[in-house]
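**Student:** Before I ask anything, let me first share the structure, which is written out below as structure tokens.
The values are calculated or read from the model by the stated rules, or taken from the named source; none is laboratory data. In this text the structure is predicted, and so the values were computed from the model without any measurement. As a convention, Cβ positions derive from the backbone with ideal geometry for all residues, glycine included, and neighbour counts pool all protein chains shown.
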Amino acid sequence: MDVLKTNGVRRTNWGRWGESDELGALNLLTPERVLAALQIPKTGKTYSLSIPIQRSGVPNFEYRGTPMRLTTMNHTDEYMAQANGGVPGVGASEDQLIMPSHTSTHMDSLCHVYSDSTIYNGYPHDSVSSYGGAAKCSIDKVGGFAGRGVLIDVAAALGTNCLAPDHVITPDELRTALAAQKVELAAGDLVLIRTGWIEAFLANPGDTMPQPGLGLDAATFLAGHDVSLVGADNSAIEAIPFDQGVYLGGHIVLLVDHGIHLVENLNLQELSADKCYEFFLSIGALKITGGTASPVTPVAIG
Ligand code: UVW
């Protein structure tokens, strides 16, 4: 795909951390960078950056199906407790969660998207099988990680609460926002992009498309800064419909070509309200064996 090339070359991180690498740009989170990030917090305020997991009122692509939390035990099952030595008035409530792994606030693994029949680092797309899941770059390879979080509040920099639904974010807009915030990107950063879209959606749930988000050049700009992760308060990081008509083009630039994990459907409202642009950020992905994604609640400390 020529449009994904820079000066005629498809720039990638393939092989950079070895032929058998499955972590991608998370390799940039060296102990030195993590320790430096621990020095950032000034207020000690904690921010939970996820949205609710519930059946309605949250963004979800129809083909994925809505999350279902089913109560499997409550006070009506107290007889079971008593059969096991419990006394009246003592029992437990439990539930079961059934949900698509790519809904609510979630982290895409590096096997989520393929291009030219390959995922990150050149592994074949058929390394993801129907029953076994992903043999390479699955979400369980990620675990927990932390580093310097940077909010790029594009909506605020452009003087709005929410970018227009068809807004495609450009590199210049990222530069403008960073300059307004007096923050510079560094290698290994965990970068979160605020469009304002999810706040508007949660306040008034409606159509999930179109959505503002990164354009291809903006994705290339972030990859060029050697960031470790890109997150956003929209459903796919990139604008939908896809910039320049390239299906999942932003995913291909970041996830496939550069091994940069993505986190979607973030809620960045509180960070924005506090003008908290630089923070310690910690994210733990569930160890879902062979998984293509995991629900996450990223935690920022300002
Ligand atoms: C798609 O955009 C298709 O998936 P995700 O939201 O998980 O990246």
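**Student:** Give the number of residues within the stretch 249-274 that are near the ligand (Cβ under 9 Å from one of its atoms) and of a type in the set (A, V, I, L, M, F, W, C).
**Tutor:** The total comes to 2.
**Student:** Go through the stretch 281-294 and count every residue that is away from the ligand (no atom under 16 Å from the Cβ), assigned to a strand (DSSP E or B) and either of a type in the set (Val, Ile, Thr) or surrounded by fewer than 22 Cβ atoms within 10 Å (Cβ to Cβ) (or both).
**Tutor:** Within the stretch 281-294, residues that are away from the ligand (no atom under 16 Å from the Cβ), assigned to a strand (DSSP E or B) and either of a type in the set (Val, Ile, Thr) or surrounded by fewer than 22 Cβ atoms within 10 Å (Cβ to Cβ) (or both) number 2.
**Student:** State yes or no: is residue 265 of a type in the set (S, T, N, Q), touching a helix residue (DSSP H, G or I) at 6+ places or on another chain (Cβ under 8 Å) and on the phi > 0 side of the Ramachandran plot?
**Tutor:** Yes; evaluated as a whole, the condition is true for this residue.
Every residue, every condition in (1) more than 26 Å from the chain's Cα centre (by Cα); (2) of a type in the set (D, E, K, R), yes or no:
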residue	(1), (2)
35	no, no
41	no, no
50	no, no
55	no, yes
60	no, no
63	no, no
71	yes, no
88	yes, no
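**Student:** I need every pair where a residue in the stretch 233-245 that is of a type in the set (D, E, K, R) has its Cβ under 8 Å from the Cβ of a residue that is in a loop (DSSP other than H, G, I, E, B) and more than 10 Å from the ligand (Cβ to nearest atom), sequence separation at least 6 or different chains.
**Tutor:** Hits for this filter: 233/195; 233/196; 233/266; 233/267; 233/268; 238/215; 243/215.
**Student:** With respect to residue 250, is the statement that it is assigned by TED's automatic domain parsing to the domain that holds residue 16, of a type outside the set (Phe, Trp, Tyr), under 20 Å from residue 25 (Cβ atoms) and in contact with a Phe, Trp or Tyr (Cβ under 9 Å, 6 or more places away or on another chain) true?
**Tutor:** yes
Residue by residue, here is whether (1) under 19 Å from residue 227 (Cβ atoms); (2) at pLDDT below 95; (3) outside the structural domain of residue 227 (by TED's automatic domain parsing); (4) surrounded by 13 or more Cβ atoms within 10 Å (Cβ to Cβ) holds:
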site	(1), (2), (3), (4)
124	no, no, no, no
128	no, no, no, yes
133	no, no, no, yes
137	yes, no, no, yes
146	yes, no, no, yes
153	yes, no, no, yes
178	yes, no, no, yes
185	yes, no, no, yes
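**Student:** For the list (1) touching a residue at least 60 places away in the same chain (Cβ under 8 Å); (2) farther than 25 Å from residue 10 by Cβ, I need the number of the one condition that residue 137 fails.
**Tutor:** Here residue 137 clears every test but (2).
**Student:** Does any residue of the stretch 96-110 turn out to be more than 16 Å from the ligand (Cβ to nearest atom), farther than 30 Å from residue 187 by Cα, of a type outside the set (A, V, I, L, M) and over 19 Å from the mean Cα position of the chain (by Cα)?
**Tutor:** Yes, there is a match, as at least one residue in the stretch 96-110 is more than 16 Å from the ligand (Cβ to nearest atom), farther than 30 Å from residue 187 by Cα, of a type outside the set (A, V, I, L, M) and over 19 Å from the mean Cα position of the chain (by Cα).
**Student:** Have a look at 270, 264, 278 and point out the one that is at pLDDT 95 or above, more than 24 Å from residue 124 (Cβ to Cβ) and crowded, with 23+ Cβ neighbours inside 10 Å.
**Tutor:** Values: 270 fails: crowded, with 23+ Cβ neighbours inside 10 Å; 278 fails: crowded, with 23+ Cβ neighbours inside 10 Å.
Just a single option satisfies the conditions, and that option is 264.
**Student:** Quick one: which strands (runs of 3 or more DSSP E) sit completely within the stretch 92-206 and have at least 2 residues that are among the charged types (D, E, K, R) and more than 20 Å from residue 60 (Cα to Cα)? Explain how you work it out, then say what you get.
**Tutor:** Working: elements: 94-98, 106-108, 144-153, 190-194.
Once the strands (runs of 3 or more DSSP E) in the stretch 92-206 are filtered for at least 2 residues that are among the charged types (D, E, K, R) and more than 20 Å from residue 60 (Cα to Cα), what remains is 94-98, 144-153.
**Student:** Any residue in the stretch 16-30 that is of a type in the set (Val, Ile, Thr) and either touching a Phe, Trp or Tyr at 6+ places or on another chain (Cβ under 9 Å) or outside any loop (DSSP other than H, G, I, E, B) (or both)? Quick ask: steps written out before the conclusion?
**Tutor:** In the first step, residues of the stretch 16-30 are kept if they are of a type in the set (Val, Ile, Thr); the result is 30.
After this cut, where a residue has to be either touching a Phe, Trp or Tyr at 6+ places or on another chain (Cβ under 9 Å) or outside any loop (DSSP other than H, G, I, E, B) (or both) as well, the list is none.
No - not one qualifying residue is present in the stretch 16-30.
**Student:** Hey, among the residues in the stretch 233-248 that are surrounded by 23 or more Cβ atoms within 10 Å (Cβ to Cβ) and more than 10 Å from the ligand (Cβ to nearest atom), which one's nearest to the chain's Cα centre (by Cα)?
**Tutor:** Here the residue is 233.
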